[in-house]
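Take a look at the structure below.
We did not get these values from a lab; they are worked out from the coordinates using the rules stated. Note that this is a predicted model, so its numbers are computed, not measured. Note that each Cβ is placed from the backbone with ideal geometry, even for glycine, and that neighbours are counted across all protein chains shown.
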Amino acid sequence: MIEMAANTINTRKQTEMDYFYDGESQVEHFMNNELECYKKITQMNKYFINEPLYNTHNPLTWWHTNQHEFLNLAKVAQKFLSFPATSVPSERLFSKAENILTKKRNRLDP
């Protein structure tokens, strides 16, 4: 009996109102995507209008201070401007540089 009820629900013929509601949800989804895109573009425009940050200022501090105004951009900036406290690749690079630049090798051409 339960299977029969499920089949009648799935095979129900769609009415004009069903098409209207489907279209309405698609429009709502589209509008939400457009609104998010507009917010991101607006944030970028605000950022480009701002006065440039000079070398004497810490960019991470600036992004932390302005993160509420530039929510999406602040996340991206934090990702690219920060680095881990200890990074194995950088340690390896310094070790290799130490081995290459010695008193014996200081006059070697590349």
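On the beta carbon distance between Gln43 and Ser90, with R0 = 22 Å, the FRET formula returns roughly 0.10.
Give me the number: length gained by fully extending Phe80 to Glu28, i.e. 0.36 nm times residue separation minus the C-alpha to C-alpha distance, one decimal in nm.
Working: separation 52, 0.36 × 52 = 18.72 nm, distance 3.35 nm.
The span from Phe80 to Glu28 would gain 15.4 nm if fully extended.
Packing around the peptides 69-80, 50-61, 31-42, taken as the average count of other Cβ atoms within 10 Å per residue, puts them in this order, highest first: 69-80, 31-42, 50-61.
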